[in-house]
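Read-outs throughout are calculated quantities, based only on the coordinates presented, and are distinct from any laboratory measurement. Remember, predicted model here, so these are calculated numbers, not experimental data. Positions of Cβ are generated from backbone atoms using ideal geometry, with glycine treated the same way; all protein chains shown enter the neighbour counts.
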Amino acid sequence: MSSTLILVLAASFLFGGMVLLLTMGYLETEQKRALEAQQQQAEAAQQPAAIVAMPGFFAAPHANPPSTLVVFDDAMVNRLEHHVRLEQALVAQFVHHPSLDNLYRHQTTPVHAH
Amino acid sequence: MHDQIRAAELFKGLSASRIQRLAAIGRTLTLRTGEYLFLLGDSAQYVSVVTSGQVDLCCPISFGGVVKDITVESVGPGKTVGWSALVKPFRFTLSARAAQASEVMAFARPELLQVFETDPEIERLVLGGVSELMANRLTMFQALWMRELLRTFSPDGPHETA
């Protein structure tokens, strides 16, 4: 009788321990999932900034918007030609007297597509 | 026509008799405003000297599928257009369009080469003038390209060095 009682108690203890371990494991897994979800959200929030900060290969950070947004009208042609004329005027001295100073004179009117 | 040839930068330093020889092979072309003398990529058969008006040298630029000619240089009387006719591969690298009613004096390559063959001094002077034009164009575009390169890779762009 007492041996049966001991056996039942031992079995109950083992079963209770197993249930406790499973419960703790489940809780730990849920905590990990919640933590990972938080990290992913935080990374997702940072991603646009990282893309913006990523240096372009040919395009400088201050480059013009994509050409699809540019309306190539007569005003744009005038702006381009004005820019070319100014740039040519700035390098004209370099053509006749090549020097660093003449090459890198400040450009005052960058072309922007508005 | 003699005075126009004498005033042309390409024929600078030629004697009266040599100018006479060139006048014999030159032909006058009249251009209306907006009319093209040649297009980029065309076979270059004529070298021309602007005698009146103004001719724009243009380069086609494409934005969003729309292509328009942008004037990169304007030349007036005495200036040369179409020197590609004297340099291989004999293709125009820009288009030439009359900015106003203009006249040019055109010299066909075969006739010009005949003159060169019979009078090497004309050849020397003319090709010397073409070399100068080419060198100026090359230097100008080199400078423009260097500035553009700096502008692309430096956030500040070309800066004042003086």
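Whose amide H sits under 5 Å from the amide H of B:Cys58, counting only residues 5 or more places off or on another chain, with H placed in the peptide plane?
Correct list: B:Val72, B:Ser95, B:Ala96, B:Arg97.
Would you kindly derive the ³J(HN,Hα) couplings of the range B:53-65 from the backbone phi angles with the Karplus curve 6.51 cos²θ - 1.76 cosθ + 1.60 (θ = phi - 60°), listing them in order in whole Hz, with x for Gly and Pro?
Working through the residues one at a time gives x, 8, 10, 9, 8, 10, 10, x, 10, 10, 10, x, x Hz.
Would you work out which of B:Ile25, B:Ser15, B:Leu150 lies farthest towards the positive end of the dipole of chain B, given +1 charges on the beta-carbon of Lys and Arg and -1 on that of Asp and Glu, about the Cα centre?
Checking the options against the dipole of chain B, the answer is B:Ile25.
If you place +1 on the Cβ of every Lys and Arg and -1 on the Cβ of every Asp and Glu, how big does the dipole about the Cα centre of the range B:2-153 come out, in debye to the nearest 20?
Numbers: 16 positive and 15 negative charges, 43 e Å.
It works out to roughly 200 debye.
Go through A:11-18, B:132-139, B:39-46 and give me the packing order, highest mean Cβ count within 10 Å leading.
Working: A:11-18: 10.0, B:132-139: 14.1, B:39-46: 16.1.
With the highest mean Cβ count within 10 Å placed first, the list reads B:39-46, B:132-139, A:11-18.
Is chain B best put as rounded, prolate or oblate by its Cα gyration tensor, with a ≥ b ≥ c the root eigenvalues, rounded for a/c under 1.5, and otherwise prolate when a/b is larger than b/c, oblate when not? Don't jump to the answer; show the numbers that get you there.
Working: a/c = 2.19, a/b = 1.64, b/c = 1.33.
Since a/c reaches 1.5 and a/b is larger than b/c, the shape of chain B is classed as prolate.
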